[in-house]
Amino acid sequence: MTPTEYHNLFRMFYRGSNHAEGGHGIGMALVQRIMILHNARIDVQSKEGHGTKFIIKLHMKQH
């Protein structure tokens, strides 16, 4: 993903250059909001032309 796409990834209604037809640009913004609500985290590692990795970190409640 380009630096501009990386910077705007979680912005509501933003669609990257390779967006699918019919999308509305809410997916990643929604994912980020869900992560915040669950005290979780989403990290992104991307290298333009080589792919993107999303790492989701959830906190486990211990009994």
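Only residues that are more than 10 Å from the chain's Cα centre (by Cα) and of a type in the set (V, I, T) were counted in the stretch 31-45, giving 2. For the stretch 37-63, a tally of residues being over 22 Å from S17 (Cβ atoms) and in a loop (DSSP other than H, G, I, E, B) returns 9. Is at least one residue of the stretch 16-36 on the phi > 0 side of the Ramachandran plot, assigned to a strand (DSSP E or B) and surrounded by fewer than 11 Cβ atoms within 10 Å (Cβ to Cβ)? Within the stretch 16-36, none of the residues are on the phi > 0 side of the Ramachandran plot, assigned to a strand (DSSP E or B) and surrounded by fewer than 11 Cβ atoms within 10 Å (Cβ to Cβ).
Kindly establish whether K61 is charged (D, E, K, R) and modelled with pLDDT of 95 or more. Can you show your working first?
Values: charged (D, E, K, R): yes; modelled with pLDDT of 95 or more: no.
Considered against the rule, which asks whether it is charged (D, E, K, R) and modelled with pLDDT of 95 or more, K61 comes out as no.
Residues in the stretch 2-15 that are over 12 Å from the mean Cα position of the chain (by Cα) and either surrounded by 12 or more Cβ atoms within 10 Å (Cβ to Cβ) or of a type outside the set (F, W, Y) (or both): 3 in all. Among the residues of the stretch 48-63, which ones are of a type outside the set (D, E) and touching a residue at least 24 places away in the same chain (Cβ under 8 Å)? Across the stretch 48-63, the qualifying residue is only T52.
The values are calculated or read from the model by the stated rules, or taken from the named source; none is laboratory data. Quick caveat: nothing in here was measured; it's all calculated off a predicted structure. Neighbour counts run over all protein chains shown; Cβ positions are idealised from the backbone, glycine included.
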